Amino acid sequence: QLYYMFYTCYGAPAVLLCLAVSPTPLVKDSWIRKGPVFGAGSQDSKSAALLLRETGPHYLFWGAGEIRVTTSADPTSWASKGDLFIQPRPDMFDSFGVESGPPPLKLSTGDYLFIYNSWNKGW
């Protein structure tokens with residue numbers, strides 16, 4: 001079994017979504033950094049939630065300001081930045097920005113609950 005950790009890499013001039021993997025996540029030195037998920041030229045690609053399924057495709061919900069969704073058979077390799085999934089809505093609680101929250105939760109019905117973070121112009 002492999003564990004996946006998406007994290008934000010900060011470094012001039014970009015903010016990047018990065019990935020590390022580990023077979024033993026509680027062992028500090030077991031994490032292997034894979035680097036930027038979408039390449040070094042993908043600025044502002046932070047915040048991600050992974051929907052890891054027993055068999056692919058796996059889904060990655062990511063972004064800051066808007067949320068995109070992409071799929072891959074291999075959760076360590078994401079070739080496409082995917083499609084727009086959620087964007088800010090005027091005059092709503094998420095009017096200025098949205099980003100992924102925790103991984104989607106599978107419900108007993110087979111549907112998924114997706115929770116996201118948001119902010120509005122008044123905050």
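At a glance:
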{"quantity": "Matching residues in region 50-104 - criterion: being among the β-branched types (Val, Ile, Thr) and not in a loop (DSSP other than H, G, I, E, B)", "calculated": "Ile67, Val69, Thr70, Thr71, Ile86, Val98"}
{"quantity": "Residue match in region 55-70 (condition: touching a helix residue (DSSP H, G or I) at 6+ places or on another chain (Cβ under 6 Å) and buried (at least 16 other Cβ atoms within 10 Å of the Cβ))", "calculated": "no"}
{"quantity": "Count of region 14-70 residues which are farther than 30 Å from Pro88 by Cβ, aliphatic (A, V, I, L, M) and touching a residue at least 12 places away in the same chain (Cβ under 8 Å)", "calculated": "2"}
{"quantity": "Some residue of region 35-46 being surrounded by 13 or more Cβ atoms within 10 Å (Cβ to Cβ), of a type in the set (S, T, N, Q), outside any strand (DSSP E or B) and more than 16 Å from the chain's Cα centre (by Cα)", "calculated": "no"}
{"quantity": "Complete set of residues in region 105-123 that are open to solvent by less than 90 Å² (accessible area, probe 1.4 Å) and in a loop (DSSP other than H, G, I, E, B)", "calculated": "Leu107, Gly110, Phe114, Ile115, Asn120, Gly122"}
{"quantity": "Answer residue from region 1-34, given it is open to solvent by less than 30 Å² (accessible area, probe 1.4 Å) and of a type in the set (A, V, I, L, M) and is modelled with the lowest pLDDT among those", "calculated": "Ala14"}
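The values are calculated or read from the model by the stated rules, or taken from the named source; none is laboratory data. It should be emphasised that the depicted structure is a prediction, and the values quoted were computed from it without experimental measurement. As a convention, Cβ positions derive from the backbone with ideal geometry for all residues, glycine included, and neighbour counts pool all protein chains shown. Remember, those area values only see protein heavy atoms, side chains included, never the ligands or the DNA or RNA. Shrake-Rupley method; radii C 1.70, N 1.55, O 1.52, S 1.80 Å.
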